[in-house]
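Remarks on the structure that follows.
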Amino acid sequence: MKDLEKRKTVIPQGEIAGAGEKVQYLVHEMNDNTVRIALRYPGRLSAEILAQAAEAVVSRVDVLHASFRSTPLDAYWIYNEDFSAGDFFALQETAENPMILAEQALVQPVAPDAKTQLHCTLVQGAAESVLVLNISHLCVDGGDGKYLLGKLVEAYNRIARTGTADGLEIKNGSRSAFQVYKELDHRELLAAIKPDMSGVKTEFCFPEEEPGRPNIVWKCIPAAIVRPAAGYGKERNATVNDLLLAACYRAYAKLFDSAPGEALSIMSMMDLRRHCKDGECEGLCNMSGSLPTVLEHGVSGSFADTLEEVAAQTRSAKENPIAGLSGMPLIHTAAKTTPLWVLLKVAHKVYGSMSIGLTNMGNIPCDALVMDGMHPTGGIFGGPLKKKPGMQISAAGFDGAVTLCCVGEYGDEDAKLIQRMLDLIEQELRDIGVHEDEMAEASGHHE
């Protein structure tokens, strides 16, 4: 506490950064520490009201109007009182398809040392608006990114209705990563210290060695494909996330013609708020933990076979009382006690051996995102821009449809290959009925 008070006298309005944001910052040279969301509306939103709504959100949360600063030894936040509208809002008008400019806005990073850690862009077309929300990954993960999106919409509707955002409440409590350990007993905490890694690293084989430009590749899988697939999964005690993982494995195996029996791994993510008191963190946080899955003998058999193997692993993980926490107490303690320059060197080595990833924000009901009576017609959720060799697919559901998205430094050939991967994932979900027919025919059973 004395050290904190001393730091505050040296750095006005400063606060030593917590373990969670330090851990995210360690990989800032390999990804851009930004979570991004886009929503499409079939009409023109009010730029004036949206700017006021964004200000209402940013001004109510300390960390959203703060700058992250680092030294070789430590990191800290500086709170800013002199931020202006240009720090958190931009309006772009276009006579073309607004998604063109929206995609450019989506790949923009939120710099750790920016005056605000949230930036909203409104792209206005002749008959369509796209709301783009970029938020620092040092402050939020997908779960709290979705939470802030809801608060932005709430603020917009309050202002549109009453002329003010009075009454808008946003959580602004502790951001400590150690919230997730408070409910663990001594035995569980000891078990969580040991990392749980399979050792299998599956990399995406980019066709271009050199980094490309910041790029976004995405695909919307219609609800007409997702809903039957979800029903198929439910009959087999599998979630939509399990379906996406199984489809991703099979798409990867087809794309790169992986050898029979070759072990493959995809890193998925899980929300660690389940470990917090009452299932919620006190303030905005990045509370995502790893959920590794491995196909030890690669992809073989039908879609049902792959799904069964993946779903068994995710079910087992979720039943574990320390699910997603393996190794994290050690990482968070190191982040608090080790000089930052040492941690940065270690991060470079660890990041270079990461497998491909899939993160799923879940379904987002669009009824809760209506503004000016307009229901969103679709959306995109994207994670941090990954630099090679990193590759992550982000997924989110919007009223039953699922959007897949990859953000990275891609050349044209890289982007084409990633698009092909997303197409194959869609095809796997579309062909679930075909797989069933093939299995029935192979077994000699016919309806």
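The values are calculated or read from the model by the stated rules, or taken from the named source; none is laboratory data. Values in this document were obtained by computation on a predicted structure and should not be read as measured data. Every residue, glycine as well, gets a Cβ built from its backbone with ideal geometry; the counts of neighbours run over all protein chains shown.
Couple of notes before you dig in:
- Set side by side, the residues LEU404, LEU385, LEU358, LEU369 differ, and just one is out of contact with any helix residue (DSSP H, G or I) (no Cβ under 8 Å at 6 or more places or on another chain) and not acidic (Asp, Glu), which is LEU385.
- Test: residue in segment 94-106 that is crowded, with 19+ Cβ neighbours inside 10 Å and assigned to a loop (DSSP other than H, G, I, E, B): no
- Residue in segment 376-392 that is touching a Lys or Arg at 6+ places or on another chain (Cβ under 6 Å), closer than 17 Å to ILE356 by Cβ, surrounded by 17 or more Cβ atoms within 10 Å (Cβ to Cβ) and small (Gly, Ala, Ser) present: yes
- Condition met for ASN360 (closer than 29 Å to ARG250 by Cβ and either touching a strand residue (DSSP E or B) at 6+ places or on another chain (Cβ under 9 Å) or buried (at least 21 other Cβ atoms within 10 Å of the Cβ) (or both)): yes
- Filter result for ALA304 (over 23 Å from ASP144 (Cα atoms), free of Cβ contacts under 8 Å to residues at least 24 places away in the same chain and either hydroxyl-bearing (Ser, Thr, Tyr) or in contact with a helix residue (DSSP H, G or I) (Cβ under 8 Å, 6 or more places away or on another chain) (or both)): no
- Filtering segment 268-285 for residues that are hydroxyl-bearing (Ser, Thr, Tyr), under 18 Å from PHE204 (Cβ atoms) and either assigned to a loop (DSSP other than H, G, I, E, B) or not assigned by TED's automatic domain parsing to the domain that holds PHE68 (or both) leaves a non-empty set.
- Tally of residues being surrounded by fewer than 14 Cβ atoms within 10 Å (Cβ to Cβ) and either without any contact (Cβ under 8 Å) to a residue 24 or more places away in the chain or within 20 Å of the chain's Cα centre (by Cα) (or both) across segment 210-243: 4
- Single residue of ALA253, ALA246 found to be among the small types (Gly, Ala, Ser) and touching a residue at least 60 places away in the same chain (Cβ under 8 Å): ALA246
- Those helices (runs of 4 or more DSSP H) of segment 140-237 that lie entirely within it include none in which at least 3 residues are among the polar types (S, T, N, Q) and out of contact with any Cys (no Cβ under 6 Å at 6 or more places or on another chain).
- Positions within segment 110-123 being in contact (Cβ under 8 Å) with a residue 12 or more places away in the chain and either of a type in the set (A, V, I, L, M, F, W, C) or buried (at least 20 other Cβ atoms within 10 Å of the Cβ) (or both), in sequence order: VAL110, PRO112, ALA114, THR116, GLN117, LEU118, HIS119, CYS120, THR121, LEU122, VAL123
- Check on ALA155, among the small types (Gly, Ala, Ser), in contact with a Lys or Arg (Cβ under 6 Å, 6 or more places away or on another chain), under 30 Å from PHE89 (Cβ atoms) and surrounded by 19 or more Cβ atoms within 10 Å (Cβ to Cβ): no
- Residue in segment 182-189 that is over 30 Å from LEU295 (Cα atoms), among the acidic types (Asp, Glu) and not assigned by TED's automatic domain parsing to the domain that holds TYR25 present: yes
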